[in-house]
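Novice: The structure under discussion is supplied below as structure tokens; questions concerning it will follow.
Every number in this text was worked out from the coordinates using simple rules, so none of it is lab data. These numbers come from a predicted model, not from an experiment. In this analysis, Cβ positions are derived from the backbone assuming ideal geometry, glycine residues included, and neighbour counts consider all displayed protein chains.
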Amino acid sequence: MGDATGQDMLLTEHLEEQTQRVRAQREVLGALGVEGRIALLAQVAQRWMDPSDPFRVQAIRALPGECFLAEEQVAWGLDQAFAGVDAATLRAWWDREGGSGSASLSAHLWSGNVFVAGLPPVVASLLAGVPAFIKAPSRQPTFASLLVDSVAAVAADLGASLGQAAWPRSDAGATDRLMSAADVVFAFGADESIAALQVLAPPDLRFCGFGHRYSIAVVLGDTADQVADGRSLESSFGSLEGLARDLLVWDGQGCLTPRWIFVEGDLGRAQSLAAGAAEFLPELVTRFPGQRLGPQEGAVRSSWLASAAFAGWSRAGDHWAVAAVPWSEALPPAPPPRCLCFAAIPDLALLPSILAPLGRRLQGVARLGTVARDQELAELCAPLGLSRLAKAGALQQPPVDWNHDDVRILASLCAG
């Protein structure tokens, strides 16, 4: 099993040799056939779902220190990432987007906010029979290292088709060498990082960039009253606690973390929901704690909460905060991480105009309420870039074959 401390990271000057070795496995991967690759990938996922699996155990031991997450958060993230990597899902994905292509190596440039975010393109690459090489963040090398070792433990041929190394973002030379060796690149990071990588990319490279995106939550009017009255909801509606988990699970990071919670109705409805959330948040944050705020971050949080209280209502505790703000034609100021901001909105039809200043960057919507209004929400938010609509509590559980950021992941690997 690989050393998770990062001391065995590949020297970047040996990168060309390493990528050539991985690329050479193209024919071996092809010989496995689609069904063979599906079966092996499903076995890898099953291992990661097993609480006693040594790779999972080591990840849960090491990743909290690297990613500033609790063990329960790491375990939850692993479960959600691998739960959908099953034979039926992979086969359906292949049937929709698969095919023979010319790619011989894919490069995967991971970022450091959500450690499993880059997994689906790696799965897609091996599914397509394309060897893959992961560039992990220099401060978070463990998951990539353990993933490669776990694949090799299931099947040596499949494992030899997956490589990894970690180096700092500042080493543009190593990144340039990796992209030059690849036919397809999947890059995650801030917009500035993605733009800089595109400058480095050779003109014939298929470059798939995943930059800054944001998500929101919507509480439908009738549901807001039911929650405020303490009435139970149908399971398909989602839950207020699930909505809070969507926001807390990655410590406020990631493109699927809701930034604002729009409540269909007036300030009274929004405040009732915020007060309800304040009742269970102290217990929920013991399961999904966050990093301690520094002095400057703490001052920003205090100022935001004071402004929210002046306009509406707010409460806060250790690692959590809630606020309710009245309707405004302008988008409310972005709340600090781990703050649930319930913003009243008289008509959901106003969402596109409120969010328009953010451009076409809306990733997901968590819906608390009846599924019967999903079509309405999808049509309202499609021009804003929406790629995922889910009930509250399920937004942070996208399937492995989720296409987003205008990228068809598997199809990008199978293009001619």
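Novice: Summing -39500 (n - 2.57) over the DSSP H runs of n ≥ 4 in the chain and dividing by its residue number, what mean residue ellipticity at 222 nm do you reach, to the nearest 500 deg cm²/dmol?
Specialist: Calculated from helices alone, the mean residue ellipticity at 222 nm is -14000 deg cm²/dmol.
Novice: Pick from Val322, Val371, Val123: which is most flexible by mean-square fluctuation in a GNM of the chain where alpha carbon atoms under 10 Å apart are linked?
Specialist: Val371
Novice: Which listed residue (Ser150, Leu32, Pro258) has the Cα farthest towards the positive end of the charge dipole for the chain, taking +1 on Lys and Arg C-beta and -1 on Asp and Glu C-beta about the Cα centre?
Specialist: Result: Pro258, furthest along the dipole toward the positive end.
Novice: Still on this structure: Could you compute the longest span of the chain free of GluC sites (Glu not before Pro) located in DSSP loops and having at most 12 other Cβ atoms within 10 Å, not counting the site residues?
Specialist: The longest uninterrupted stretch comes out as 1-233.
Novice: When the chain is modelled as a GNM with alpha-carbon springs shorter than 10 Å, which of Ala155, Ala394, Ala92 fluctuates the most?
Specialist: Ala92
Novice: To the nearest Å, what is the center-to-center distance of segment 48-72 and segment 319-358, using C-alpha atoms only?
Specialist: Spelled out, the Cα-based centre of one part sits 35 Å from the other.
Novice: Let me ask something additional. For Trp167, list long-range residues whose amide hydrogen, built 1.01 Å from N in the peptide plane, is under 5 Å from its own amide hydrogen.
Specialist: Ala136, Ser138
Novice: Same structure, new question: What relative contact order, as a whole-number percentage, does the chain give when Cα pairs under 8 Å and 6 or more residues apart are counted?
Specialist: 19 percent
Novice: Charges on Cβ only, +1 for Lys and Arg, -1 for Asp and Glu, centred on the Cα centroid of segment 248-350; of Trp304, Gln291, Gly317, which one is farthest towards the dipole's positive end?
Specialist: Gln291
Novice: Connecting C-alpha atoms closer than 10 Å in a GNM of the chain, tell me which of Val199, Val218, Val130 has the biggest fluctuation.
Specialist: Val199
Novice: For Glu17 paired with Arg91, estimate the spin-label separation in nm (one decimal), with each label point 7 Å from Cα along the Cα-to-Cβ line.
Specialist: 4.3 nm
Novice: OK, next. With Rg/Rh (Cα atoms, Kirkwood Rh) as the read-out, I listed (1) 1.03; (2) 0.98; (3) 0.95; which label goes with the value calculated from this structure?
Specialist: Matching entry in (1) 1.03; (2) 0.98; (3) 0.95: (2).
Novice: Work out the charge dipole of the chain with +1 on the Cβ of Lys and Arg and -1 on the Cβ of Asp and Glu about the Cα centre, then indicate which of Leu248, Ala224, Gln140 is farthest towards its positive end.
Specialist: Comparing the listed Cα positions along the dipole, Gln140 ranks first.
Novice: Counting only DSSP beta bridges with both residues in the chain, tell me the antiparallel percent, nearest 5.
Specialist: The antiparallel fraction comes to roughly 10 percent.
Novice: Quote the relative contact order of segment 340-416 in percent (integer), defining contacts as alpha-carbon pairs under 8 Å separated by 6+ residues.
Specialist: Once divided by the residue count of segment 340-416, the mean separation gives 30 percent.
Novice: For segment 171-222 and segment 246-274, what is the separation of their C-alpha centers, rounded to whole Å?
Specialist: What the calculation gives is 27 Å, centre to centre.
Novice: Ok, one more. Any idea what diffusion coefficient segment 146-259 gets from Stokes-Einstein, in µm²/s, Kirkwood Rh on alpha carbon pairs, 25 °C, 0.890 mPa s?
Specialist: Roughly 135 µm²/s, to the nearest whole number.
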